[in-house]
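> One structure, pasted below without further comment.
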Amino acid sequence: MEVSIETWVKKHDLIYIGATRHPFIHSIRDGSVDINNYKRWLSQDYLFVRKFVPFVASVLVKACKESDDENDMEILLAGMASLNDEIDWFKKEAAKWDMQLTGITPSKTNQKYWRFLESLMHPDVSYTVAMVALWAIEAVYQQSFAHCLEEDAKTPSELREACERWGSQEFAQYCDSLKKIANGLLAKASNDVRGKAEAAFVEVLEEEIEFWNMSEGRAK
Ligand SMILES: Cc1ncc(CNC=O)c(N)n1
């Protein structure tokens, strides 16, 4: 059987749904969200993104060394550019809510996620494994926030901008480009690399669920 990301999404559907349809996302979508949870998510996610940038840079470095498709660099570079805008957006959004982004203490959950990102940045981790992880990290946000923008969603207007960052068509296309690259790499990968990529995919989903739990105040 041909291995692809789609087969893993089906195989691990419960955990995939756990990450992309989390109660925190439901609470945004139905308008019942506790704004303190949103603020906790915002400040912790700002810290996360500051660690995510070097991870994406490491995937770009792997692409330069291991990719035989020139286009990969452009896609990853565009991803980096949008992270530049994203960091600005976090600062603007924090100001809107009268929040300080300096001196925030990273949660235990965040620190655990960072350690996982750091492990993926190691030069011994293959481009395939890193690309699958990158796709999964982005896809969880895309699927989650797009859900909050559906026609019947009651997302509070002051949270729509956040949802549009990751729920937009443009971001969906970026995720799709990452998925195509990942599937192409998996098609050529050894069984060993495929196994590692699947494990990384599952670990991303677990880390994302914990991140939502932490945002809801259900984890440290
Ligand atoms: C915890 C987490 N996962 C994925 C994303 C989306 N990627 C970049 O913004 C994010 N911001 N935070």
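The values are calculated or read from the model by the stated rules, or taken from the named source; none is laboratory data. The structure presented is a predicted model; accordingly, all values stated were derived computationally and were not measured. Cβ: placed from backbone, ideal geometry, glycine included. Neighbour counts: every protein chain shown. Areas reflect the complete protein model, heavy atoms only, side chains present, ligands, DNA and RNA absent. Shrake-Rupley method; radii C 1.70, N 1.55, O 1.52, S 1.80 Å.
> Of the residues that make up the stretch 20-29, is at least one touching a Cys at 6+ places or on another chain (Cβ under 6 Å), under 20 Å from ALA139 (Cα atoms) and within 15 Å of the ligand (Cβ to nearest atom)?
Yes; the residues of the stretch 20-29 include at least one that is touching a Cys at 6+ places or on another chain (Cβ under 6 Å), under 20 Å from ALA139 (Cα atoms) and within 15 Å of the ligand (Cβ to nearest atom).
> Hey, among THR109, THR20, THR102, which residue is of a type in the set (Val, Ile, Thr), surrounded by fewer than 16 Cβ atoms within 10 Å (Cβ to Cβ) and out of contact with any Leu (no Cβ under 6 Å at 6 or more places or on another chain)?
THR102
> Now for a different question. Can you name the number of the only condition in (1) away from the ligand (no atom under 12 Å from the Cβ); (2) in contact with a Cys (Cβ under 8 Å, 6 or more places away or on another chain); (3) in contact (Cβ under 8 Å) with a residue 60 or more places away in the chain that TRP135 fails?
Unmet for TRP135, out of (1) away from the ligand (no atom under 12 Å from the Cβ); (2) in contact with a Cys (Cβ under 8 Å, 6 or more places away or on another chain); (3) in contact (Cβ under 8 Å) with a residue 60 or more places away in the chain: (1).
> Another question, then. Give the stretch 22-53 a look and list any residue that's hydroxyl-bearing (Ser, Thr, Tyr) and part of a helix (DSSP H, G or I), or say none.
Selection gives SER27, TYR38, SER43, TYR46.
> Can you say whether ALA153 is in contact (Cβ under 8 Å) with a residue 24 or more places away in the chain, within 15 Å of the ligand (Cβ to nearest atom) and among the aliphatic types (A, V, I, L, M), as far as the supplied structure shows?
no
> Give me the pairs, please: first residue somewhere in the stretch 8-27 and polar (S, T, N, Q), second residue anywhere and buried (at least 19 other Cβ atoms within 10 Å of the Cβ), beta-carbon distance under 6 Å, and either six or more positions apart or on two chains.
From residues that are polar (S, T, N, Q), the pairs are THR20/VAL140; THR20/GLN143; THR20/SER144; SER27/VAL33.
> Taking the condition buried (at least 19 other Cβ atoms within 10 Å of the Cβ) and over 14 Å from the mean Cα position of the chain (by Cα), does PHE48 pass?
For PHE48, the condition - buried (at least 19 other Cβ atoms within 10 Å of the Cβ) and over 14 Å from the mean Cα position of the chain (by Cα) - is not met.
> Could you grab the pairs with beta carbons closer than 7 Å, sequence gap of 6+ or different chains, first residue in the stretch 86-99 and within 12 Å of the ligand (Cβ to nearest atom) and open to solvent by less than 100 Å² (accessible area, probe 1.4 Å), second one assigned to a loop (DSSP other than H, G, I, E, B) and not aromatic (Phe, Trp, Tyr)?
PHE90/LEU101
> Go over the candidates GLU210, GLU198 one by one and state the one that is more than 15 Å from the ligand (Cβ to nearest atom) and touching a residue at least 60 places away in the same chain (Cβ under 8 Å).
GLU198
> Confirm whether ALA63 is surrounded by 16 or more Cβ atoms within 10 Å (Cβ to Cβ) and either polar (S, T, N, Q) or part of a helix (DSSP H, G or I) (or both).
Taking the combined requirement at face value, the residue satisfies it.
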